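What follows is calculated from the coordinates using simple rules that are stated; it is not laboratory data. This one's a predicted model, so the numbers in the text were calculated from it and none came from an experiment. For neighbour counting, all protein chains shown are included, and Cβ atoms are generated from backbone atoms with ideal geometry for every residue, glycine included.
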Amino acid sequence: MRKALFTPVIALITLTVLAGAAGCGTGATRAAGPVRFADPGPGTASHAADTGQHNGKRSLVRFPTRPISFTEQSRVGGAGENTPIGMTTLHGPKSGFTGKVWVWAPPEYYDKRNARKGFPVMMALPGSYGYPVNYWIGSDLKLEENLAQWSKDGTSLPFIVVMPVLNPNDKQYYDGSDIPGQPKIGTWLSQDVPDLVRQNFRTLATRDAWAIMGSSSGGFAALKNVLQNPGTFKVAIPNGPDIVPDSPLWNGHAREEQANNPEVLARRLIARGGPEVYLAFQDGSKEHTVLPKVRQFIAQYGHGPVRTRLQIVQDGTHSAGTYVQGLGEGTMQWVSAHMQGPTA
């Protein structure tokens, strides 16, 4: 059974809401708390599913279709240039599951020069139960500040980040999957949450612009989702991940469990020859239980269309802080090299 991922308490229980902070730029609208990451304009009827034309070529850009107002939870300082993190409660139309989702857009998203560009997306999943809060919104971990700085430095693409809860409660693990008789968390993560992003942000109509990151139990969900849904996600960043499903809720559902097993999914992807997926594993050098399992998975399945990389953080532990460090030590640069950047 997976171990709980250490998370600073502040990230889970303390959110500073700066409702009176200065405006966040040209791409979002705010009014005393609520924040919108898009205006209706060209993102409604004429662009609902159309990627349009640009310079005589069909554009990859997907304009927002049904933008909503998010509740502002906090603001990102530093290189993040005072950009907001918003939250909404998503009632998933495909999964039937209802849960909280947090979103953030990089500083470049608000630049007028990029007003017609679509941006790449990274889903960030927490470890442990990942409920009721996704700890990647925490100012102590500085995921958004670091992503903004790395983008400014040219070592990462500027990613829209979406951070849903991982489980429906803090009592059971659902393995990021559709376990029979349980909430359809797999459908929620792979369809409903991406649809929410498409409805509210300028994105790109290509799998090359979609990544999913997660830690520990969230790392399993990230690994599984890319192998299971390579038409949606091209890249996974599994941090200290579990390799096989281990929820007790699978009892009596062996066939469905195997259909959500990354080892089985990797074999099937290799057998059919693709599409290519990129797995950027991260582990701390002190993760003596997890690291051997990750190395074994890479040795067995890291060939053909399954492209892998392992970032080992020196003296790192099974912790979110270790994985943020690893992102800056080469992971985001490798990931970005295999993805589509902002495009008009």
Please compute the net charge surrounding Leu327, taking Lys and Arg as +1 and Asp and Glu as -1 over other residues with Cβ under 14 Å from its Cβ.
-3
Difference of contour (0.36 nm per residue) and Cα-Cα distance, Arg66 to Ala271:
69.9 nm
Ranked by Cβ crowding within 10 angstrom, fewest neighbours first, how are Tyr173, Tyr278, Tyr110 ordered?
Tyr110, Tyr278, Tyr173
Spatially proximal lysines relative to Lys234 (Cα-Cα < 17 Å; intrachain offsets below 8 disregarded):
Lys224
Give the peptides 119-128, 257-266 in descending order of average Cβ contacts within 10 Å, highest first.
119-128, 257-266
How high is the relative contact order of region 234-323, in percent, counting Cα pairs under 8 Å that sit 6 or more residues apart?
36 percent
Given region 226-278, report the % of alpha carbon pairs whose separation exceeds 18 Å.
36 percent
Starting from the Cα of Lys152, draw a straight line to each of the lysines and keep only those under 19 Å, dropping any in the same chain fewer than 8 residues away.
Lys112, Lys117, Lys142
Which whole number in µm²/s is D for the chain by Stokes-Einstein, with the Kirkwood Rh taken over Cα pairs at 4 °C and 1.567 mPa s?
65 µm²/s
Please order Lys171, Lys293 by the number of other Cβ within 10 Å, starting at the fewest.
Lys171, Lys293
Cα shape, region 67-214, gyration tensor, a/c 1.5 rule
prolate
Length gained when the stretch Glu329-Thr98 is fully extended (0.36 nm per residue, less Cα-Cα span):
79.6 nm
With labels modelled as points extended 7 Å from the Cα through the Cβ direction, what inter-label distance (nm, one decimal) is found for Thr206 paired with His338?
1.6 nm
Normalised contact order of the chain, rounded percent, pairs of Cα under 8 Å and 6 or more residues apart:
18 percent
Computed FRET efficiency, Cβ-Cβ of Ala299 and Arg116, R0 56 Å: what is it to the nearest 0.05?
0.80
With contacts defined as alpha carbon pairs under 8 Å and 6 or more residues apart, what's the relative contact order of region 133-206 in percent?
19 percent
Order of Glu72, Glu276, Glu144 under a 10 Å beta carbon neighbour criterion, fewest first
Glu276, Glu72, Glu144
Whole-angstrom gap from region 143-205 to region 237-259, using each part's C-alpha centre
19 Å
Translational diffusion of region 276-340, µm² s⁻¹ [Kirkwood Rh, Cα pairs; Stokes-Einstein; 20 °C; 1.002 mPa s]
176 µm²/s
For region 192-299, with equal point scatterers placed on the C-alpha atoms only and solvent neglected, what are the log10 I(q)/I(0) values from the Debye formula at q = 0.12, 0.16, 0.24 1/Å, to two decimals?
-0.44, -0.76, -1.34
Table column - 3J(HN,Hα) (Hz), region 122-139, Karplus curve with 6.51, -1.76, 1.60, x for Gly and Pro:
10, 7, 10, 9, x, x, 6, 7, x, 8, x, 10, 8, 5, 5, 7, x, 5
Note to self, the chain gives a 222 nm [θ] from helices alone (DSSP H runs n ≥ 4, -39500 (n - 2.57) apiece, / all residues, nearest 500) of -6000 deg cm²/dmol
